[in-house]
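Shown next, in structure tokens, is the structure this report addresses.
Derivation of every value follows stated rules applied to the coordinates shown; laboratory data play no part. Quick caveat, the model's predicted, so the values are computed rather than measured. With ideal geometry, Cβ positions are generated from the backbone for all residues, glycine too; neighbour counts draw on all protein chains shown.
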Amino acid sequence: MGAKTTVVGGLAVLLAAVLVVPVAAQEKKADDAKKSGEPAKAKAEGEAKAEGEPAKAKAEKVAGDVGLLDTEKNYMIVVTKEGKLITLDFNSKTKATEIKETKVKMGEVGLGSSANVEYVTKGEKNFLTKMEFVPAKGE
């Protein structure tokens, strides 16, 4: 019976060590940050990341044709090769570059143009950040 007790006791100690070591390491990291004088902002960003909140939206890329361009309401729809429609909002700071490397205004992008776009998602809206396009034939 003494051997079984020793084995069970050893397993209990091992289990406790497995559970305690990560917590101790996390506390040490927090203490090191305090000692180094790490700014509160960085700490807050770390807490936000720990809670699952994105720090900054990452730009996504999509390629397709310009299906709709409304310069009064400042949005466009890109139709992907798979037939997916992506609605993108834009503003006066949005940059559009024609593939022949000339900057154009959003109003100069023609329907049916082949476009490669980058956008970020903010809330429920997708905001166009960059666009390169090849004008539709006949333009």
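How large are Rg and Dmax for region 85-134 when calculated on the C-alpha trace, in angstrom?
Rg, Dmax (Cα atoms, Å): 10.8, 34.
Among LYS100/LYS125; LYS58/LYS81; LYS95/LYS125; LYS58/LYS95, which pairs are too far apart, with a Cα-Cα distance over 28 Å? Let's see the in-between values first.
Details: LYS100/LYS125 30 Å; LYS58/LYS81 22 Å; LYS95/LYS125 18 Å; LYS58/LYS95 17 Å.
Correct reply: LYS100/LYS125.
What spacing in nm lies between the two simple spin-label points modelled at LYS137 and ASP89, each 7 Å away from Cα in the Cβ direction?
That separation, rounded to one decimal, is 3.7 nm.
Test of understanding: extend the Cα→C-beta vector of GLU98 to 7 Å, then name every residue of region 108-131 with backbone N under 13 Å from that spot.
108-111, 113-114
Starting from the exponent 0.38 and prefactor 2.2 Å, build the expected Rg for region 54-139 from its residue count and divide its actual Cα Rg by it. Numbers along the way, then the final one.
Values: Rg = 12.2 Å, N = 86, 2.2 N^0.38 = 12.0 Å.
Compared with the compact-globule rule of thumb, region 54-139 sits at 1.02.
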